[in-house]
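Peer 1: To start, I am sharing the structure in question, which I have written as structure tokens.
We did not get these values from a lab; they are worked out from the coordinates using the rules stated. Bear in mind the structure is a predicted one, so any value in this text is a computation, not a measurement. Quick reminder, even Gly has a Cβ in these numbers, built from the backbone with ideal geometry, and neighbours come from all protein chains shown.
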Amino acid sequence: MFAPSTSFRLKERNALATITAALSLPEFQAGSVWLAGAGPGDPGLITALGLHAIAEADTILYDALANPALLRFAHPRAKLIYAGKRRGKASAAQSDISRTLVALARKGKRVLRLKGGDPFVFGRGAEEALALARASIPFRIVPGVTAGIGGLAYAGIPVTHRETNHVVTFITGHGADGNLPELDWQALSIASPTLVLYMALAHAEEIARKLIEAGRASNQPAAIISDATCDNQKVRVTTLASLGADARECTAPAILVVGENVKLRDGLDWLGSLSGRLLDPDPLKVEGFRRVS
Ligand code: SAH
């Protein structure tokens with residue numbers, strides 16, 4: 001991890017203090033816990049409130065998906081605790097994390113729980129906040145840019161667009177038991193022209209099959225965005241029929257998106273255009289496009 005000199009840190013912290021004052025950000029009270037979203041990867045996507053929380057916290061429990069570059073804004077004496085949970089890797093038990101948050105707050109610490117994306121989107125933030133509520137610990141929720149929105153934006157895929165979808169559904173592919181949750185795929189298929197799927201790489205084939213069985217066109221566009229918003233972001237555009245096979249070649253973390261809005265990437269891949277991609281000014285005028293009302 002990048003280790004800045006103390007004077008560099010001091011300058012950054014002073015700059016942050018100026019922003020905190022200018023925006024009248026709330027004081028991080030001793031004995032309280034803030035559950036904050038770090039955004040999906042690009043450190044620039046954290047909120048001002050999130051950055052303020054990092055600078056002020058005595059202890060930071062951070063997730064695997066929170067960009068460690070952000071931690072350089074922590075106070076030099078702040079305690080940084082890794083509390084990540086990644087598939088197949090050693091994981092901190094959820095109850096242990098909640099207990100640690102409560103114990104530290106009771107010791108009078110300013111405790112920051114820093115999570116990837118948004119703490120309330122498939123992030124178990126509510127479970128931790130409920131544990132705090134039960135223990136009468138004051139807490140604040142600091143929202144973040146969720147991967148299913150920020151990741152799509154960095155792929156040049158709008159989450160909604162009038163010509164393609166008036167509805168978007170966020171789905172987790174990972175139920176409490178690790179399997180695909182029991183969902184009404186028929187209803188989803190009909191009611192939601194755009195589906196954004198988290199933690200779904202391993203079940204992509206099954207998901208695509210269920211959607212096609214439910215009547216979704218097998219040539220409907222889909223995309224897989226790995227390491228979204230990070231320097232190594234990869235976007236694979238495919239179809240529903242090929243989603244499973246393509247998913248096997250992609251790496252986690254990844255967001256899956258199924259819907260006609262994926263076609264807009266041809267016109268909106270702003271990141272690609274920065275390295276020379278020519279954008280199509282009229283990306284929806286492609287064969288097979290149907291207006292979804
Ligand atoms: N609270 C987080 C989601 C946590 S669940 C949020 O709001 O974004 C973890 C899942 O989020 C991953 O399996 C993946 O589907 C998605 N995810 C998080 N960060 C991602 C990234 N940088 N790129 C792609 N997917 C990401």
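Peer 1: After finding the eigenvalues of the alpha carbon gyration tensor for region 148-292, what semi-axes result from the square roots of 5 times each, listed largest first in whole Å?
Peer 2: Square roots of five times the eigenvalues give 23, 19, 12 Å.
Peer 1: Run the dipole for region 48-151 about the Cα centre, Lys and Arg Cβ at +1, Asp and Glu Cβ at -1, nothing else charged, and hand back the magnitude in debye, nearest 20.
Peer 2: 300
Peer 1: Roughly speaking, what is the stretch gain from K11 to Q29, that is 0.36 nm per residue apart minus the C-alpha to C-alpha distance, in nm to one decimal?
Peer 2: Here the answer is 4.2 nm.
Peer 1: Would you list T164, T18 from fewest to most Cβ contacts within 10 Å?
Peer 2: Least crowded to most crowded, the residues run T18, T164.
Peer 1: Dipole magnitude of the chain about its Cα centre, charges +1 at Lys/Arg Cβ and -1 at Asp/Glu Cβ only, in debye to the nearest 20?
Peer 2: Around 1060 debye, computed over the chain.
Peer 1: Say the cut-off is 25 Å between C-alpha atoms; which of K210/K285; K210/K263; K79/K234 go over it?
Peer 2: From K210/K285; K210/K263; K79/K234, over 25 Å: K210/K285; K79/K234.
Peer 1: Looking at the chain, I'd like the Rg to Rh ratio, where Rg is from alpha-carbon atoms and Rh is Kirkwood's inverse mean 1/r.
Peer 2: That ratio equals 1.01.
Peer 1: On to the next question. When N is the residue count of region 10-145, what does its C-alpha Rg come to as a fraction of 2.2 N^0.38 Å?
Peer 2: After normalising by residue count via 2.2 N^0.38 Å, the value is 0.97.
Peer 1: To continue, here is another question. Using 0.36 nm times the number of residues separating A103 and R277, minus their current alpha carbon distance, what extension gain do you get?
Peer 2: 57.4 nm
Peer 1: From the helices alone, meaning DSSP H stretches of at least four residues, give me the mean residue ellipticity at 222 nm for the chain, per-run term -39500 (n - 2.57), in deg cm²/dmol to the nearest 500.
Peer 2: Mean residue ellipticity at 222 nm (helix-derived): -8500 deg cm²/dmol.
Peer 1: Using Cα atoms only, what is the angle between the long axis of helix 125-134 and the major principal axis of the chain, expressed in degrees (0 to 90) to the nearest 10?
Peer 2: 40
Peer 1: Let me ask something else. If packing is taken as the average count of other Cβ atoms within 10 Å, what order do 27-38, 177-188 fall into, highest mean first?
Peer 2: Ranking, from highest mean packing down: 27-38, 177-188.
Peer 1: For the chain, build the charge dipole from Cβ charges (+1 Lys, Arg; -1 Asp, Glu) around the Cα centre, then report which of G31, A200, A64 sits farthest towards its positive end.
Peer 2: Of the options given, the answer is G31.
Peer 1: Another one. Could you give the nm distance between label points at A126 and I190, where each point is 7 Å from its Cα heading toward the beta carbon?
Peer 2: 2.6
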